[in-house]
Every structure is written in C-alpha cells, then in structure tokens.
There are 2 protein chains.
Amino acid sequence: MILTKTTEYAVRVLIFMAHEERGLFTARYVHERLRIPYKYLTRIMTDLAKQGYLESIRGRAGGFRFQKNLNKITLIKIIEAVEATDGFDKCILGLEDCSDENPCALHFVWEKTKKEFMKNLSNTTLADLVSIEIKKF
Amino acid sequence: MILTKTTEYAVRVLIFMAHEERGLFTARYVHERLRIPYKYLTRIMTDLAKQGYLESIRGRAGGFRFQKNLNKITLIKIIEAVEATDGFDKCILGLEDCSDENPCALHFVWEKTKKEFMKNLSNTTLADLVSIEIKKF
DNA sequence: CATAAATACTACACAAAAGTAGTATTTTTA
DNA sequence: TAAAAATACTACTTTTGTGTAGTATTTATG
Ligand code: SF4
Ligand code: SF4
C-alpha cells in the first residue's frame, strides 16, 4: 500500500530523469533502465506530459523532458497527478466528520505521523533529491 | 491506501469491541453497529479467531470475545494478521537491497516517518486505546 | 427431537488496479 | 517518398481486493 504501483512508477521515473543529465528520454530507454512494463510506462509518461510535468516530443527523434523546473515539482504534486484516488490526504480509517474533537480511536496515533509525512512530501522537490547519490531507481 | 479495507474493518472491529463492555459479541451485532457487510465481517472475525486474537463460540448462544489481554494486542499485530500483503513493513518504493548505504532517492524522505509510524503501531495496544473517549467506530 | 440462531466453509460476482496488444499518428532520415 | 522510430490512443486481459450467496455445522432451548 502507501502508494499505488502507478504512482510508484511515476515517482521513480521522474527521480531517475532528474538525476541523469540527458536532453531527451525515450520511453524505451527509461523502460530498459527501470524495468517498468513498456506500455504501462508510456501511458504514465504521456499522462505526466498532459499534466504539465513533462514535455513530450513526438516523432522519430522524440522523447520526454521536464517542462517545469525541478525545484517546482514536489513529491506530493507528482502523487496527486497520477494517483487515481481522490487526493492523497486520505486517512487511515476513512470515517466521517473527523476532527480532534470527534476522533476515531486511531486519530491520535495516526494524525501526527500523517502530518509529518505530508509535510515531507510537500516540501521535498525533485531538485532536493538530485543532490543525493543514488545507485538504484 | 495505507490500509486495505479488510484491515480497516479488522481494526475497527477490535477497537469497537475493546471499548464496549460486553461478554460476547455476535457478528450480527457488530454488523449493525459498524455497518460492515455481514458476510465479509464474519470472515474477518473468523479469521481473527483462527489467528488467536478472538475466541469464537459456535452455536445458538455463540459469538466472539477476546482471547488475549488487550494490552497484548498491538495495532501492528492486527494489521499483520489480516493484511494480505507480505508484511506491512513495505516501503514507499519496493526496491531491493535497501539500507542507509544503498538508498533510493526517497529513502531519507520516508525512512524517518516510517520508523515513527511503525513504532506507534508497535507500541500502541488496544488497552491504550480504550482510555480514549470515542463517539464513532 | 425439532427449531432457531449462531459460526464455518465454499464458491461465485463485481470492481478497480495492473498489465498487454494492436493500431494510429507524428517526425526524422535515408 | 517510404521506412523507421518515436509518442498517442483504444480496447482487452489478468490479478487482486471487495462483497454476495448458499449451505454446512454447532449448540441452546422450546
Ligand atoms: S484518524 Fe482522524 S482523520 Fe482519520 S478517520 Fe480517524 S478521526 Fe478521521
Ligand atoms: S525508501 Fe529506503 S527502504 Fe524504501 S525502497 Fe528506498 S532505499 Fe529501500
């Protein structure tokens, strides 16, 4: 859980692209490096392009590249762009009328962690992640 | 996300049972109070019984009750008991050979939050949750 | 002993996510 | 201008989680 496979792929692709200096990334190249199912991958990348994160160039010398600055793309934005479910702010129990005054039994166990998690996702941009030395994607 | 529906139900049922003083809980009663699909619920409760969390009494005056002390049942145990996936310790990206020395790009974003979350789930028992005043389950 | 009311079991139906297949379209290049 | 190589689109298949249906088994009680 935590993330759907689709979201996981999207995040991995973008982080990979952010790390590697390269003008254009073809889906085939990303597929070969990340071993994400090719057709599935193209759908995700096309989707990211439609949502303004990537620019897609069609035709023989085509491919994908970033459309926005890396420091403008936060993790939470990526997640929300591809996650099918209605917003990632979903709770551990999906109950109604939630607040500190009307909590479910898990509210105080979960709320703090959730806030921290969401804060991390909101504050971390792809630019932040580039500085980390990574050997796997 | 976060938890599957099945796990959510299991957690809600046990928290509900922990809060209400009552010798025996029939599945029908829990169903009426928590509006969890009846047949689905019986499967989950039967499952929890097989795994040693609940005791099941069959026959006309039957039902379920706790088999262990409430302070012996942690949230993480409940989750692991019913979650289909192989262990809830799953990561945000499901990569191989993970460590601080061989991290993926999200490792340092996720690891801290995850540890905190897991610690909460591991340390919180149903007994801890009983003390909280709850109006919804 | 028969009925009622509970859990236990098995098989199927439905829905959403994940993955696959085939084709259309665009653009470079020989 | 035709072939090659890329993205775009549409539809289908598979898998998994969720939910439903029907029946068997157990046990209290009239
Ligand atoms: S943890 Fe808080 S926000 Fe989530 S369902 Fe419970 S009360 Fe609502
Ligand atoms: S966050 Fe850490 S544990 Fe998770 S996949 Fe990345 S390296 Fe592995």
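Bear in mind that the values in this text are calculations on the coordinates, not laboratory data. All values reported here derive from a predicted model rather than from experimental measurement. As a convention, Cβ positions derive from the backbone with ideal geometry for all residues, glycine included, and neighbour counts pool all protein chains shown.
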Cleavage-rule hits, GluC sites (Glu not before Pro), the range A:1-106, DSSP coil, Cβ neighbours within 10 Å at most 10: A:GLU21, A:GLU96, A:GLU101
Charge dipole magnitude, Cβ of K and R +1, D and E -1 - the protein assembly as shown, Cα centre, debye nearest 20: 880
10 Å binning of all Cα-Cα separations within the range B:2-137, expressed as whole percents from 0 upward: 11, 38, 30, 14, 6, 1
Chain A: relative contact order in percent, alpha carbon pairs under 8 Å with at least 6 residues between: 30
Span per principal axis, largest first, for the Cα atoms of the protein assembly as shown (Å): 74, 36, 31
DSSP-loop trypsin sites (Lys or Arg not before Pro) across the range B:36-77, with at most 14 other Cβ within 10 angstrom: B:ARG58, B:ARG60, B:LYS68
Cβ-placed point charges (K, R +1; D, E -1), dipole of the range B:1-126 about Cα centre in debye, nearest 20: 980
